[in-house]
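Undergrad: Sending over a structure as structure tokens; questions will come in a sec.
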Amino acid sequence: MSPTKKRTSTRSSEVLSDAEKAAMKETVAERRARAKGAKAEDDVAAVLAAIAKMADDDRALCARLHEVITGAAPDLAPRTWYGMPAYAKDGKVLLAVKNSGKFGMRYTSLEFQDVARLDDGSMWPVSWAVQELTTAGEKQVADLVRRAVG
């Protein structure tokens, strides 16, 4: 291949899926809104709108997760992150809720970021799969969120 000729690839692993492209567009819009000075109530409205767009099962689960998370840590700031409901501490995302329909997964997941204080020795989980939210599960989520906040 000559040095002036660019190599192109059609391997599917190098191309973003439609869902990934949509998530990237959503994060660009989120960053623009933040740059324009989006207010806390706008961020909460964006989270509720993201939940409202979900399929019925995801919507019910994620709405309840939102209630549990904000109840356990009212100081966290709800916002969207790549179009997903997320909760920030001091301006940094601490936790995101990736609903199952977002990327065609079989479960919703709670995904804690590096600012979460879940450290436990030299290795610990940062993501939990959630298929349904029982009373015990609600307690577990609330405990995890409180622990993550520190």
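What follows draws every value from the coordinates through simple rules; no lab data is involved. Just so it is clear, the structure is predicted and the values come from calculations on it, not from any experiment. Glycine also receives a Cβ, built like all others from the backbone with ideal geometry; neighbour counts cover every protein chain displayed.
Undergrad: Could you give each residue of region 100-109 its phi-based ³J(HN,Hα) in whole Hz, using Karplus coefficients 6.51, -1.76, 1.60 with θ = phi - 60°, and x for Gly or Pro?
TA: Result, rounded to whole Hz: 4, x, 4, 10, x, 8, 8, 8, 7, 10.
Undergrad: What spacing in nm lies between the two simple spin-label points modelled at ALA19 and ALA49, each 7 Å away from Cα in the Cβ direction?
TA: 2.2
Undergrad: Using the Kirkwood radius over C-alpha pairs as Rh, can you work out the diffusion coefficient of region 16-149 via Stokes-Einstein at 20 °C, viscosity 1.002 mPa s, in µm² per second?
TA: Working: Rh = 15.1 Å.
Using the Kirkwood radius from Cα pairs, D works out to 142 µm²/s.
Undergrad: May I pose another question? May I ask for the net charge around ASN99, where only other residues with Cβ less than 10 Å from the Cβ of ASN99 are counted and Lys, Arg are +1 while Asp, Glu are -1?
TA: Taking every other residue near ASN99 into account, the sum is +2.
Undergrad: So how do 132-143, 47-58, 63-74 stack up, highest first, on mean other-Cβ count within 10 Å?
TA: 63-74, 47-58, 132-143
Undergrad: What percent do you get for the relative contact order of region 16-149 when only Cα pairs under 8 Å and 6+ apart count?
TA: Normalised by residue count, the contact order of region 16-149 is 22 percent.
Undergrad: Would you mind calculating the gained length between ALA63 and ARG146 on full extension (0.36 nm times residue separation, minus the Cα-Cα distance), in nm to one decimal?
TA: Between ALA63 and ARG146, full extension yields 28.0 nm more.
Undergrad: On full extension of the chain, what length is gained from LYS39 through ARG117, given 0.36 nm per residue of separation minus the C-alpha to C-alpha distance?
TA: Extra length available between LYS39 and ARG117 comes to 25.4 nm.
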